[in-house]
Amino acid sequence: MGSSAPLPFEEPIFVTRPILPEMSRFLPMLEAIWKQRWLTNQGPLHAEFERALGGFLGVAHLSLVNNGTTGLMLACRGLELTGDVVTTPFTFPATPAALTWCGLTPRFADIDATTLTLDPEAVERALTPQTSAILAVHVYGQPCRVDALQALADRHGLRVLYDGAHAFGTRVAGRPLCEFGDASVLSFHSTKLFHTGEGGAVVAPERSLKERIELLRNFGIRDETTVALPGINGKLTELQAALGLANLELVEPERLARARIAHVYLERLRSLEGITCVEPPAGVSHSHQYFVIRVAASGAGISRDDLHERLKTFNVFTRRYFFPLCSD
Ligand SMILES: *Cc1c(COP(=O)(O)O)cnc(C)c1O
């Protein structure tokens, strides 16, 4: 007797679902905000959240911002990048778009077939005399080849900026991944492992960069009588900071739950012909931002796009990441 056909899931399965605190945890925080009537401009919850987040991530200099895209732009300005920036086409459009918004020219270099992150050798080939930096992405939470990229940057006098939107809390051999390079940008969009609805942060190894980011984030206003430079509005509100503080308590249990699910997926999918799972490298506490498979139509007997459509009939809504490719 053959097994019966699999049934669709009763509830739709989406690529991600935001964590949320219990209302009973969140309401007293809202009441405190209402009482103070301090809604934005580096309020008390902003300060508390910035401290708590720095502690959680194990980094000394972190600046909250209103989203990851603004964070990337603030980091480009903060590092005074000019001309060309070599980046990956295999990312969310915000990565190259942030460069363009800063008047920089994205130069796409190819990725490594295994890690799916920027291939340092391809980066070297893409350099021009105008190149001032490398903007690499820890795509799907897979750490970039940080040592090779740094060596390359040192050889050519370049800055290294990381888009760490997928790599919240990721550690490599115990060290926070967001401490590598000249700056790292995190996104706290609702689709990310950790979120504040909308939000983000710039992690800067140097205190001077943190100070510059914070000036740029608040219109360039230094004090009551000095506007030091043309800034932007990159501020995170008290409401978002409250959500961040509450969600910070949930993020590690969520990450561990995802790790358990990823383990089951790996066990079941790893041996299927034509399916390659993108596995977290050893020694990395991974964000499990996404569970990623690659589909080779010849081996799997179904193309990626057909599988994407077919899974919808089972109430499973996958995404084709990254489609279309930024370089297209
Ligand atoms: C989500 C994301 C961003 C943008 O972050 P926002 O907070 O939505 O502006 C940038 N880069 C990557 C790789 C992302 O996944």
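Let's see how each residue does on (1) under 29 Å from A52 (Cβ atoms); (2) within 17 Å of the chain's Cα centre (by Cα); (3) of a type in the set (S, T, N, Q); (4) modelled with pLDDT under 95:
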position: L256; (1), (2), (3), (4): yes, no, no, no
position: E273; (1), (2), (3), (4): no, no, no, no
position: A296; (1), (2), (3), (4): no, no, no, no
position: I302; (1), (2), (3), (4): no, no, no, no
position: D306; (1), (2), (3), (4): no, no, no, no
position: R310; (1), (2), (3), (4): no, no, no, no
position: N315; (1), (2), (3), (4): no, no, yes, no
Query raised in the report: Could you say which residue among L135, L161, L152, L99 is modelled with pLDDT of 95 or more, more than 21 Å from S287 (Cβ to Cβ), in contact with a Ser or Thr (Cβ under 9 Å, 6 or more places away or on another chain) and not in a loop (DSSP other than H, G, I, E, B)?
Result: L99
Report summary line: Screening R175, R171, R155 for residues that are buried (at least 18 other Cβ atoms within 10 Å of the Cβ) and of a type in the set (D, E, K, R) leaves only R171
**Report entry** Condition met for T100 (over 14 Å from L161 (Cβ atoms), out of contact with any Asp or Glu (no Cβ under 9 Å at 6 or more places or on another chain), within 16 Å of the ligand (Cβ to nearest atom) and without any contact (Cβ under 8 Å) to a residue 12 or more places away in the chain)
**Finding:** yes
Report summary line: If we keep only residues of region 8-47 that are assigned to a helix (DSSP H, G or I) and buried (at least 16 other Cβ atoms within 10 Å of the Cβ), then the residue farthest from the chain's Cα centre (by Cα) is I33
Query raised in the report: Out of all the residues in region 184-191, is one or more surrounded by fewer than 24 Cβ atoms within 10 Å (Cβ to Cβ), hydroxyl-bearing (S, T, Y) and not in a strand (DSSP E or B)?
Result: yes
Requested in this report: Of the conditions (1) touching a strand residue (DSSP E or B) at 6+ places or on another chain (Cβ under 6 Å); (2) crowded, with 19+ Cβ neighbours inside 10 Å, Y140 clears all except one; give me its number.
Outcome: (1)
Requested in this report: Please identify the pairs in which a residue from region 60-76 that is modelled with pLDDT under 95 has its Cβ atom under 8 Å from the Cβ atom of a residue that is of a type in the set (F, W, Y) and within 12 Å of the ligand (Cβ to nearest atom), counting only partners at least 6 apart or on another chain.
Outcome: none
Report task. Return yes when H61 is over 18 Å from the mean Cα position of the chain (by Cα), more than 16 Å from the ligand (Cβ to nearest atom) and over 24 Å from P120 (Cβ atoms) and no when it is not. Result -> no
Query raised in the report: If you check A300, A282, A257, which single one turns out to be of a type outside the set (S, T, Y) and in contact with a strand residue (DSSP E or B) (Cβ under 9 Å, 6 or more places away or on another chain)?
Result: A300
Query raised in the report: Taking G197, is it part of a loop (DSSP other than H, G, I, E, B), more than 26 Å from V160 (Cβ to Cβ) and touching a Phe, Trp or Tyr at 6+ places or on another chain (Cβ under 9 Å)?
Result: yes
Report summary line: For region 158-168, the count of residues that are more than 15 Å from the ligand (Cβ to nearest atom) and buried (at least 24 other Cβ atoms within 10 Å of the Cβ) equals 0
Query raised in the report: Can P176 be described as away from the ligand (no atom under 14 Å from the Cβ), closer than 24 Å to H286 by Cβ, of a type outside the set (G, A, S) and in contact (Cβ under 8 Å) with a residue 60 or more places away in the chain?
Result: yes
Query raised in the report: Would region 207-218 turn up any residue that is part of a helix (DSSP H, G or I), out of contact with any strand residue (DSSP E or B) (no Cβ under 7 Å at 6 or more places or on another chain) and free of Cβ contacts under 8 Å to residues at least 12 places away in the same chain?
Result: yes
Query raised in the report: Does F168 satisfy being part of a loop (DSSP other than H, G, I, E, B), within 21 Å of L325 (Cβ to Cβ) and touching a residue at least 60 places away in the same chain (Cβ under 8 Å)?
Result: no
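The values are calculated or read from the model by the stated rules, or taken from the named source; none is laboratory data. The shown structure was predicted, so the numbers you read here are calculated from the model rather than taken from an experiment. FYI the Cβ positions are ideal-geometry reconstructions off the backbone, even for glycines, and counts take in every protein chain you see.
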